[in-house]
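First comes the structure, then the notes that go with it.
The values are calculated or read from the model by the stated rules, or taken from the named source; none is laboratory data. Every value quoted in this text rests on a predicted model; they were computed, and no experiment measured them. Don't worry about glycine lacking a Cβ; one is built from the backbone with ideal geometry, like all the others, and counts go over all protein chains shown. Quick note on the areas: whole protein, heavy atoms, side chains included, nothing else; ligands and nucleic acids left out. Shrake-Rupley method; radii C 1.70, N 1.55, O 1.52, S 1.80 Å.
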Amino acid sequence: MKHGRAWSAVMCLALAGCAMSVAPPAAQDTPKQGTATAAATPGVVLPDTEALRVHDPVGRDYPIWVALPADYAAHPEKRYPVLYVTDALYSFPLVRSVRNLVGQQGVNIENFILVGLPPQEGLTSKQSRSRDYTPSNPVRKPDGYYSDDVTYGGAAHYRDFLAAEVLPLIDARYRTDPARRAFAGHSYGALFGAYVLTTQPDLFSTYILSSPSLWFDQRLLPRMQDSAVIPAQPTRVLLSVGSYETVKPGPRYSTGNDMLRQTADFTAQLQRSGRKLHVDNVVIEGEDHLTVYPRVITRALLEVMPGEGPYTGG
C-alpha cells in the first residue's frame with residue numbers, strides 16, 4: 001500500500017514492508033555564550049520496565065521488553081494476563097501508555113503484563129520484521145511491494161523461537177496467567193499473528209490483528225485456511241482495518257491492495273471454518289494504514305481486557 005501523506009518519523013508501517021524506527025536526534029548547534037546547557041544522559045527509562053536478552057539457538061539475539069502493571073509488587077498472590085506486541089519500537093511505549101492512562105489502574109482496562117518484541121540485535125527493523133513476520137519467500141517483481149535488500153519467509157522459525165524460548169521465560173520469570181496470553185500486531189505483525197493462529201493457535205488465547213497484510217505472497221494466509229490447525233481452547237480474534245485502506249482516488253487511499261475487502265473476506269472465512277473462534281471485524285472510520293493502530297489497540301483492550309468498572313476520577 002502506498003500513501004500520499006507521510007505520517008511520522010517515529011513509525012513506518014507501509015505494506016512494502018518498511019520498518020518502524022526512531023530517528024536519531026538531530027545534531028545540536030553549539031550553544032551561544034550565556035545560554036543554558038544540559039548534560040547528555042543515556043536515554044529515557046520507562047518506570048516499571050525491564051529489558052531482557054533472549055538467545056535464539058541459531059545464533060541470533062533478541063531484546064525482549066517487559067512493562068509490569070503498577071500494582072504488580074503490591075499483589076504477590078496475583079497472576080496477570082500477558083499481551084505480546086510486535087514492532088515494539090513503536091507499539092511498546094504506545095500500548096504501555098494506553099494501559100496506564102486509559103486503563104486507570106485497572107478500572108477501565110484490566111492490569112496486564114506487557115511484553116514487547118523488538119527487532120533482532122544487529123538488524124534494522126525492516127530487515128528483522130520482513131524476515132520474522134512473513135510466512136514465505138514471494139516472487140519479487142520490479143513494480144511489486146517486496147524489497148530486494150531483505151530476506152522473507154522466517155515466520156515459522158520465529159514462531160517456534162517464541163514458543164520454545166520467549167514464552168516459557170516470561171512465564172517463569174513473572175506471575176503470568178498462561179491461559180490468558182494475548183497477541184497484538186499491525187501490518188506485517190498482524191500477518192504473523194494470522195500465521196500463528198493458522199499453524200499453532202494455542203500459543204495465544206486472543207489475537208488482535210490490525211490491518212493484516214493478507215495480500216502477502218498472493219494471499220497465502222487465506223489459502224492456508226483449509227489446512228489450519230484447530231485450537232483446543234476457545235480463541236478470540238479481533239480484526240480491524242481503517243476505512244481508507246481500500247482502492248479509491250485520493251491521497252490517503254491505497255493504490256494497490258484493497259485491505260478493507262481482504263480483511264472482510266478473511267473474517268468470513270474464519271467464521272465459516274468451524275473452529276473454536278470468536279471472530280469480529282471492525283472498520284475504523286477516518287483512518288488509514290499509518291494512523292489506525294492507536295485506535296485499534298485502545299478499542300481492543302477495552303473490549304478483551306475490561307476493567308473493574310466505570311472510572312469516576314478526574
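The figures follow:
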read-out: Pair R261, T124: separation of 7 Å Cα→Cβ label points (nm); value: 3.3
read-out: Part-to-part distance (alpha-carbon centres) for region 54-123 and region 261-314, which is given in Å; value: 19
read-out: Region 83-155 - Rg and Dmax from Cα coordinates, angstrom; value: 16.4, 51
read-out: Count of lysine pairs in the chain with Cα separation under 28 Å (8 or more residues apart, or interchain); value: 6
read-out: Leading residue at positive end of dipole, region 198-314 (Cβ point charges), from S243, G256, I297; value: G256
read-out: Size descriptor, Kirkwood hydrodynamic radius, that averages inverse alpha-carbon separations across the chain, Å; value: 20.4
read-out: Nearest-0.05 FRET efficiency for Q105 and R223, computed from C-beta distance (R0 41 Å); value: 0.40
read-out: Convex hull of Cα atoms in region 58-181, direction-averaged projection (nm²); value: 9.3
read-out: Å² of accessible area per residue within the chain, as computed with a 1.4 Å probe and no ligands counted; value: 47
read-out: R0 of 25 Å, Cβ-Cβ distance V54-Q200: FRET efficiency to nearest 0.05; value: 0.85
read-out: For the chain, built as a Gaussian network whose Cα springs stay under 10 Å, the top-fluctuating residue of Y174, Y207, Y253; value: Y174
read-out: Computed Rg/Rh of region 174-314, alpha carbon atoms with Kirkwood Rh; value: 1.00
read-out: Pairwise FRET efficiency - D160 versus A73, Cβ, R0 = 41 Å, nearest 0.05; value: 0.80
read-out: Helix-only mean residue ellipticity at 222 nm for the chain, each DSSP H run of n ≥ 4 adding -39500 (n - 2.57), per residue, nearest 500; value: -7000 deg cm²/dmol
read-out: Vicinal HN-Hα couplings computed from phi for region 224-232 (Karplus, 6.51 cos²θ - 1.76 cosθ + 1.60; Hz; Gly/Pro x); value: 7, 5, 5, 10, 5, 6, 7, x, 7
read-out: Candidates A74, A194, A268: whichever shows maximal mean-square fluctuation once the chain is modelled as a Gaussian network with Cα springs under 10 Å; value: A74
read-out: Among G103, G122, G256: highest mean-square fluctuation, GNM of the chain, C-alpha pairs under 10 Å; value: G122
read-out: Region 104-156 - percent of accessible surface contributed by carbon and sulfur, probe 1.4 Å; value: 45
read-out: Zone residues, region 261-289, relative to I230, backbone N less than 20 Å from point 7 Å out along Cα-to-Cβ; value: 268-279
read-out: Percent carbon-and-sulfur accessible area, region 216-304, ignoring ligands, DNA and RNA, probe 1.4 Å; value: 50
read-out: Debye intensity ratio I(q)/I(0), log10, region 247-314, q values 0.25, 0.26, 0.27 Å⁻¹ (C-alpha model); value: -1.19, -1.22, -1.25
read-out: Hz values of 3J(HN,Hα) by residue in region 58-75 - Karplus curve (6.51, -1.76, 1.60), Gly and Pro given as x; value: 7, x, 10, 10, 10, x, 10, 9, 10, 10, 8, x, 4, 9, 4, 5, 6, 10
